[in-house]
């Protein structure tokens, strides 16, 4: 009898293949290997948090919270589509097979990682103390923190790992240096994240308590 490979193993294998391929072969979106890896980490930490029943789960919960902003951060990578020569003036498109392949390699992992990571976030929040009663508030706070982290990631070029390596300077960027532009950016990404959660709710993938 042949051993059956589980779907989670296949999914992880595909992610590893994608990361290796995007790193090994020169292409305009080679940076996606790192960004997908950073978005994959909180998903794995989240799984460990939900499955481990000892106090170690809180360590993985903290790591999940630290790396979670890398999930919605992937949405900002969509702007790199401008590097392709697909779009022409006057709303015309050009059929360039290699560019459409690059379109696939950029868009598909973003959609998959964002939907999986955002869906998982609701389940994790509901496992926190009083999470079921205050899931809306907890998700709003998570969306706010993620929005701030995405801002400093994009405009200050700070990665999640910097919070461990340089906690003081990174926290100062998270807490301080506010401006009208920063407030607008954070609010926009809070709306985007809530829009995704509401979409997932309507699709009955997840259930958010009122």
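Please treat every number below as a calculation from the coordinates, not as lab data. As the structure is a prediction and not an experimental result, all values here were calculated from the model. Here the Cβ is made from the backbone with ideal geometry for all residues, glycine too, and neighbour counts use every protein chain on show.
Of the residues 114, 191, the one with the fewest other Cβ atoms within 10 Å heads the list, and the complete ranking is 191, 114. Show log10 I(q)/I(0) for the chain at q = 0.11, 0.12, 0.17 Å⁻¹, two decimals, from a solvent-free Debye sum over equal Cα scatterers. So the normalised log intensities are -0.60, -0.71, -1.32. For the Cα trace of the range 41-92, dividing Rg by the Kirkwood Rh returns an Rg/Rh value of 1.38. Enclosing the Cα atoms of the range 45-152 in their convex hull gives a volume equal to 124 cubic angstrom per residue.
Note on the range 91-163: percent of Cα-Cα distances in each 10 Å bin, starting at 0 and stopping at the bin with the largest distance, equals 16, 29, 31, 17, 7, 1.
Taking 0.36 nm per residue of separation and subtracting the Cα-Cα distance, full extension of the segment from residue 82 to residue 127 would add 12.2 nm. Footprinting exposure proxy ranking of 51, 126, 154, fewest other C-beta atoms within 10 angstrom first, gives 51, 154, 126. When the alpha carbon coordinates of the range 1-67 are projected onto the principal axes, the ranges are 43, 43, 11 Å, largest first. Site pair residue 57 and residue 104 shows an inter-label distance of 4.0 nm when each label is modelled 7 Å from Cα along Cα→Cβ. Applying 1/(1 + (r/R0)^6) with r as the Cβ-Cβ distance of residue 140 and residue 37 and R0 = 25 angstrom yields a FRET efficiency of 0.35.
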